[in-house]
Amino acid sequence: LMLAVTACGTTSQNSGKGGPATQAKCEGPGGKYVIGMSQANVAEPYRQRMDDDIRAAAAKVPQFEVKFADAAQDNAKQVSDVENFLTQQVNLLIISPNEATPLTAVVKKAYDKGIPVLVLDRKVDGDSYTSFIGADNRDIGRQAGKYVAEKLLPGGGKLVELKGLPGSTPAQERSEGFHETLGTKVQVVATGVGDWLREKGQQQLDAILKANPEVDVVYAHNDPMAEGAYLAAKAAGRESKIKFIGIDALPIPSGGVKAVEQGRISATFTYPTGGKEAIAAAKTLLVDCKQVEKKQTLPTQLITKENAERVYREANG
Amino acid sequence: MANDAPKLVRMTGIGKRYGGVLACQDVDFDIRAGEVHALLGENGAGKSTLMKILSGDVTDYSGEIEIEGAPVRFGGPVDAQRAGIAMIHQELDLVPGLSIAENLYLGREPRTRIGTVDGKQMRVWTQALLRRIGIELDPRRPVGELRVGEQQLVTIARALSLDAKVLIMDEPTSALSTAEVEQLFAVIDELRREGAGIVYISHRMDEIGRVADRATVLRNGRIVEEFDARQMTAEQAAEAMVGRPVRTLFRTSHGEAGEELLRVEDLVVHPRRPRSGRNEPAGISLTVRRGEIVGLAGLLGAGRTELLETLYGAGSAGRWDGRVLLDGVDVRPRGPRAALAKGIAFVPEDRRISGLVLEHSVLANTVVSIVDKLRIAGVVVSRRAEQANAAESAKRLRVKLSSLADPVGTLSGGNQQKVVFGRMLLTRPKLLLLDEPTRGVDINAKAEIYQLLSEIAGQGIGVLLASSELAELIGVCDRVVVLRGGRNVRELRTSEIEEADLLAATMGETAAGGAR
Amino acid sequence: MSTDSDVTVNSRRRTDWRETLFSFQSFFGLIAVFVAAIVFSPRRNGEILFLTSDNLFNVVRAVSEIGIIAIGMTFVILVGGIDLSVGAVLGLSAVGSAVLLVHDDLGVFPAVLIVLAVGLVFGLLQGMASALFGIQAFIVTLAGLQIARGLARIWSDGQGVAIAYGDGPNEAPVTFSLLGERTFGGVVPIPALIFAGLAVLAVLFLRTSAFARHLYAVGGNEKAARLSGVPVNRVKIIVFGISGLLAALAGIVHAGQLNQGSPNDGAGYELDAIAAVVIGGTALTGGRGSVVGTVTGALLLGVLNNILALNNIDANVQLLIKGLVIVAAAALQRLRPAS
Amino acid sequence: MSTDSDVTVNSRRRTDWRETLFSFQSFFGLIAVFVAAIVFSPRRNGEILFLTSDNLFNVVRAVSEIGIIAIGMTFVILVGGIDLSVGAVLGLSAVGSAVLLVHDDLGVFPAVLIVLAVGLVFGLLQGMASALFGIQAFIVTLAGLQIARGLARIWSDGQGVAIAYGDGPNEAPVTFSLLGERTFGGVVPIPALIFAGLAVLAVLFLRTSAFARHLYAVGGNEKAARLSGVPVNRVKIIVFGISGLLAALAGIVHAGQLNQGSPNDGAGYELDAIAAVVIGGTALTGGRGSVVGTVTGALLLGVLNNILALNNIDANVQLLIKGLVIVAAAALQRLRPAS
Ligand SMILES: Nc1ncnc2c1ncn2[C@@H]1O[C@H](COP(=O)(O)OP(=O)(O)OP(=O)(O)O)[C@@H](O)[C@H]1O
Ligand SMILES: Nc1ncnc2c1ncn2[C@@H]1O[C@H](COP(=O)(O)OP(=O)(O)OP(=O)(O)O)[C@@H](O)[C@H]1O
Ligand SMILES: [Mg+2]
Ligand SMILES: [Mg+2]
């Protein structure tokens, strides 16, 4: 590690000299840096927020110019996006991969060219990247399960799980972690697939409530589905008897924090975007000419009625 | 009386160009009140184009139009209709999904007080109009269900409903048989007496002499002659149209018929899904020998088309009773492809809808039935063979075109017909089924087609020919089988009869009752 | 005279019989699915859950947005066009409603009016591109889809815009929340009512107006329509306008139901709407079809979704079943007597 | 005799001239976009980044999957059909390749063969449903889309299946990874080669085969084709088979490039493919069009995407621009001399 730092300190002249091509082309505070940010899908509010966080943080670093690309949920398009950043010869790449394996090769290509790569939210395979910054979906699932088992239904009860889009990693992990800690007392009476969408959550719970009127908790893999479920319960006149739990807790007006604050959702867990942290890491690498940790796991936070208002204010302060 | 009547329409110096084709050039044409002015010419002479200009369908032309002395320039068909000009188009331009009444009043629907369409009024008017041209149809029937002839009558009714000063009829009788034609002539006489001006386009020469007062002949887009229609002979007209004397119209030689080729015995078709308006074979027996041309006569809806379609494997799916033997062997083709493989070929009655891909080239349309046989080593289609076959076919049938690459839709009607004809001959059939093969075809082309039929028959091919033109049936066929209601009711040898006999036979008992 | 009235009577009977059969065919799939739903419905204390009034109204509410869009789509398809932009226009309108009500603090009436106008104009522009430049509707509205989606994202800054109700600044008037409510003793959802009302209007319009005749004519035989003096281009343009207008209405309903306008709302709805139209027996080639059929088709899809959800069928298997039922329903349509 | 040979010669010359003009029209949009790309390309040290060989090959690689699908789509559209299932079939095949290679440890050859067969059969089944039962292609393939998507999810247990290479169990043969590589000195991407090769084959096939003659005839006037002895149903069924086969091939390429098969792969590709076909001048009504046009259309879309990305245009604004360019390209098509 020391070696790398030294190499970094001796500016770019060394970069052709073999050794791990991991060091940034560091010109210190006097340089100008173009950062490419390859987003998997800005159509998801969470990812839009990630871009916004990056934009806001980068605005405070005068040396940085960030360029954004959107892969619209298509692995192949994201590969092209990264290739295009390479053509433009960006100084640093931030990528929030749509999926791990498909993006691995092109990320490695960038990394091997000596461009530092920060991977956000979802990993890529292998270790050809500079640093991974993200939260742990499985762990969030575990915390949600624990929260339900210990706080909401200590004596057992009936639960409905609303899953995200089948085939997506977070849906998988948020479900698996949840069931690890849920225990056996809580009975899962039904599982619906809401594809991350509010209206699908609503439709699913409409039907589920018909078949199972006695539901105590709805665990949705994200806040919009929880909100949709709430609307369905409200239509059935049961919204006060059911507790809704979501994930993501985006600090935006339409996000989960506000929903908790306004009492529609009982609890949600923050799924931090890592945008701020990514720019901080980029600054460390490019401006400060220092190394960063290979992995930075961001903690989640339980949002309830007690802390919702404060969290919202702080996040947008 | 007609000659000094006021001029309703005067067209002067009309010209119209389609790409490289001059459809009309420097045409002067007028229409007087109370006269029927026939417009004659070969296929592609420019008759329809000239009248489309007058009726506002074609708007980019050169020249002047005056209506009752006032110069006009129409922006579209509606303008012309307002000015009192109505046209019956050659192609049956109706909306299949709408009812007869809705078609008649399309674009000018009567309204009720609250602004909705007054369906009842529309139906009453429609019924009156239909009755005037002598046909009883339910005004609510979708036009798509009607037979071609009935559709043609609907277009006539539509034009009548406009109460126009000038009525243009572009081949109004091409799908009609004698009874309906007579009724139409009665209507035309009535209109003439009421002072309307009528333009009458037809390739049936016998009609011209009966209905027209004056006749103008177009050739290659130019006016070549004007006749007093009552004195004009068919030979004179033909010579003016073609530019040289035309040889005898009909078949010259009737060769000896050979052995029996087709035998139909008590054919009855029970369709799986009966369709209204279709008259399936309900007991048909006939024979065709090699080298023989057998005619099928009958009124509208007698079941001629259905019989030919059935023999070609293109009729309704369902059960058959009776037998069909080709060369003494039972046949029942599963479809047109199988029929062609067995040596049965078919020229359908509606070439635009059933015959051609209008936007494809003449070449592609000519060889489409035989392309699999033109492959080199079973793989690649030989372009040279395609070219040679198409060129030979065009030459043999004397198709008038500038290039085999021309879209077939730009050819004139008769030439389009010849292309379909040529395609079927290339399959080298034993038996040729023809449904109204000269519909809309000019006299010269007709003569050529008749000549061709003679040749074909001479080669030992058997021909079964359905036609509504009695003169054609008598002139071309050896025998005529008369159908009525899906059954064969009479069989006549053409050498022994006159048109009147055939007419009586097709009308059967109903002939006594008059028009219907 | 006697023959005359004979014909008329006869014809009337004949037409009615045909129409009945026609509707029957159109309803046949729905009835089959409905019966299947009853058979396969989970029960509770002997009560068939599918048949509870609550559930039935849920079904109608769930299809109301697709249904509203599908009515507009029927018009477009009847003239032989297609409108792929409706889902995106729904998203655009949902966002528009939310932004106008919340950020711009407009009243319900002006906000709704503006949004409807946006949808109408968007549709009309597409119609003009298609009719006047002769570009295929498929491609114009595919482009329109992208444009509407882009506009929606720009208008909302890429985020969903939540609608909070109240009288304060950045709060929407409470009246707007009615769209998420139920009426008649809390039983009938408002969106279902809107859908039903619109369907009745559309059916009457298609049966009685001259415009409808023109529309069928343009779809059935454009050249004939033109020669008859039907203003073909105008009809085409108006039809796309109607579709845009109804998509905007659906977007408003969407925003009101979900208390949010999100730029990705309505993604893929166009295909559901087209499926409803086609299952309802309207030919994609134009000239033949009805709104009654479309409503039937939409309900069929709704019942299907509902019964699959009630039984908690695996989401992947749901896809298979839905695919097969759509094909089967379309095949049933073909049994209609050939016309 | 002389007139006869006149006709022939004349026709040949005329045909070539027309074809040239036709192609020219088809290329016109591409050239316009290409020139625009050069003008608007960012530069570095005077070098036009868009024109670097790396970047140009990136463009071709990026369009290769859509391009392969679009070739199959051209066939379907030429007979007047449409295939909405191709994106989902691509996903199904990508998943299939991954599962067969990794979980089932099959060799490359059998795995590819099985996947291609699945695509072919899926397409043929859709063709049969459409041709034999007379259901509109739009609705059959819309259902097919859902079914393929469902099958893909079931086959992969709903997850992306990563492909690791090696000789061990649960590893795929290294040959398969060639699909992600470049050849000719690491310059030309293999998928681009496959696309180009296929395009050449398709062009030759459409120009020389009897099947192609039949296909154009069916698309131009189905009834006339049937009466001319063209085996209409067979043509239709085969055409859907070809489309399924090529979608499966694209799925294999997809899996090889991305080292993964994921059930949601290829979502929305059908619309891109249709856009490429239509921009290439093929009429959605059938009977008129060419593969050359389709390739042009695909490249146009690829260049457009590339130049927008190189300039880092905002994703939302990109949507607007793309929509407008698609309409403009389609409008350009209309300038072709009426035929
Ligand atoms: N839309 C068109 N595009 C190109 N050429 C056309 C078009 N319409 C007509 N023509 C050409 O103009 C000429 C005149 O055609 P027109 O239809 O007026 O002939 P016609 O006398 O009515 O023939 P027919 O007796 O066969 O109806 C023909 O050479 C024809 O090919
Ligand atoms: N209601 C209908 N539904 C479907 N096809 C019909 C219907 N009525 C007629 N046809 C078909 O339309 C074509 C044209 O019929 P057309 O009007 O030419 O009969 P026709 O020639 O006057 O009488 P004939 O039956 O003696 O040939 C035929 O193929 C016929 O089978
Ligand atoms: Mg004519
Ligand atoms: Mg007939």
TODO: Would you please give the residues with an amide H less than 5 Å from that of B:R32, counting only those at least 5 places away or on a separate chain, with H modeled from the backbone geometry?
DONE: B:L8
Task: Per-residue ³J(HN,Hα) for segment D:320-332, Karplus 6.51 cos²θ - 1.76 cosθ + 1.60, θ = phi - 60°, Hz, x for Gly and Pro - done: 4, 4, 4, x, 5, 5, 4, 4, 4, 4, 5, 5, 4
TODO: Could you tell me which of B:L432, B:T49, B:A504 has its Cα farthest along the dipole of chain B towards the positive end, charges placed at Cβ (Lys, Arg +1; Asp, Glu -1), taken about the Cα centre?
DONE: B:L432
Open item on the list: How shielded is A:72-81 by partner chains, expressed as the average number of their Cβ atoms within 10 Å of its Cβ atoms?
Closed with: 6
Task: Over 25 Å between alpha carbons, listed pairs B:K165/B:K418; A:K258/A:K283; B:K52/B:K400; A:K60/A:K113; A:K60/A:K123; A:K109/A:K290 - done: B:K165/B:K418; A:K258/A:K283; A:K60/A:K113; A:K60/A:K123
- [ ] Could you size up the charge dipole of chain C around its Cα centre, putting +1 on the beta carbon of Lys and Arg and -1 on that of Asp and Glu, and report it in debye to the nearest 20?
- [x] 1240
Task: From phi via Karplus (6.51, -1.76, 1.60), per-residue ³J(HN,Hα) for segment A:282-290 in Hz, x at Gly/Pro - done: 4, 5, 4, 6, 8, 8, 8, 6, 10
- [ ] Given the peptides B:79-92, B:450-463, C:101-114, arrange them by the average over their residues of other C-beta atoms within 10 Å, most packed first.
- [x] B:79-92, B:450-463, C:101-114
Task: Amide H partners (placed H, <5 Å) of B:G41, local residues excluded - done: B:L218
Open item on the list: Sort D:308-315, C:236-243 by the packing proxy (mean of other Cβ within 10 Å over each peptide's residues), most packed first.
Closed with: C:236-243, D:308-315
TODO: Report ³J(HN,Hα) in whole Hz for each residue of segment B:101-110, in order, from the Karplus equation J = 6.51 cos²θ - 1.76 cosθ + 1.60 where θ = phi - 60°; Gly and Pro get x.
DONE: 4, 5, 5, 5, 10, 4, x, 8, 5, x
- [ ] Determine how many Å³ per residue the convex hull of the Cα atoms of the protein assembly as shown encloses.
- [x] 204
Open item on the list: Across segment A:192-317, what fraction of all alpha-carbon pairs, as a whole percent, falls in each successive 5 Å bin from zero upward?
Closed with: 2, 11, 19, 18, 14, 11, 8, 6, 4, 3, 2, 1, 0
Open item on the list: I'd like the projected area of segment C:49-335, averaged over all directions, using the convex hull of its alpha carbons. Report it in nm² with one decimal.
Closed with: 15.7
- [ ] Would you calculate a helix-derived [θ] at 222 nm for chain B, using -39,500 (n - 2.57) for each DSSP H run of n ≥ 4 and dividing by the full residue count, to the nearest 500?
- [x] -9000 deg cm²/dmol
Task: segment C:60-189 shape via C-alpha gyration tensor axes, a/c threshold 1.5 - done: oblate
Task: Projected label distance in nm at B:R147 and B:R332, using a 7 Å step from Cα toward the beta-carbon - done: 2.5
TODO: Please name which of D:V303, D:G96, D:V278 has its Cα lying farthest along the dipole of segment D:49-335 towards the positive end, using unit charges on Cβ (Lys, Arg +1; Asp, Glu -1) and the Cα centre as origin.
DONE: D:V278
Task: Mean Cβ neighbour count within 10 Å, used as a protection proxy, ranking B:266-276, A:142-152, B:51-61, C:209-219 highest first - done: C:209-219, B:51-61, A:142-152, B:266-276
Open item on the list: Suppose each label sits 7 Å from its Cα in the direction of the beta carbon; what would the B:D26-A:N316 distance come out to in nanometres?
Closed with: 8.3
Task: Approximate spin-label separation B:V224-C:D157, in nm, with each point projected 7 Å along Cα-to-Cβ - done: 8.1
Task: Under-5 Å amide H pairs with D:A172, H placed in peptide plane, nonlocal only - done: D:A164, D:Y165, D:G166
- [ ] Could you run the Debye sum over the Cα atoms of chain A, one equal point scatterer each and no solvent, and tell me log10 of I(q)/I(0) at q = 0.14 Å⁻¹, two decimals?
- [x] -1.00
Task: Furthest towards positive pole of dipole, D:F176, D:F211, D:L198, structure part segment D:136-228, Cβ charges - done: D:F211
Task: Peptide C:308-318, shielding by other chains (average Cβ, 10 Å cutoff) - done: 6
Open item on the list: Would segment C:52-119 count as rounded, prolate or oblate if I go by the C-alpha gyration tensor, calling it rounded below 1.5 in a/c and otherwise prolate when a/b exceeds b/c, oblate otherwise?
Closed with: oblate
TODO: Filter the GluC sites (Glu not before Pro) in segment A:228-317 down to the DSSP loop ones having no more than 15 other Cβ atoms within 10 Å, then list what survives.
DONE: A:E293, A:E306
TODO: Set the Förster distance to 25 Å, then compute FRET efficiency between C:S53 and A:E239 from the Cβ-Cβ distance, nearest 0.05.
DONE: 0.80
Task: Within chain D, longest stretch free of exposed GluC sites (Glu not before Pro) [DSSP loop, at most 14 other beta carbons within 10 Å] - done: D:1-170
Task: Accessible surface buried once D binds C (1.4 Å probe; total of both sides; Å²) - done: 3300
TODO: Evaluate the relative contact order of chain A (contact order divided by residue number), counting alpha-carbon pairs under 8 angstrom at least 6 apart; express in whole percent.
DONE: 18
Open item on the list: Taking each residue in D:144-152, count the Cβ atoms of any other chain within 10 Å of its Cβ, then average. What number comes out?
Closed with: 6
Task: Value of [θ]222 nm, deg cm²/dmol, for chain C, DSSP H segments ≥ 4, -39500 (n - 2.57) each, nearest 500 - done: -24000 deg cm²/dmol
TODO: With the full set of protein chains in place, find how many percent of the accessible area of the protein assembly as shown is carbon and sulfur; take the probe as 1.4 Å.
DONE: 56
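The values are calculated or read from the model by the stated rules, or taken from the named source; none is laboratory data. None of these values were measured; they are calculated from a predicted model. Neighbour counts run over all protein chains shown; Cβ positions are idealised from the backbone, glycine included. The protein model used for the area step is the full one, side chains on, heavy atoms only, and it has no ligands, DNA or RNA in it. Shrake-Rupley method; radii C 1.70, N 1.55, O 1.52, S 1.80 Å.
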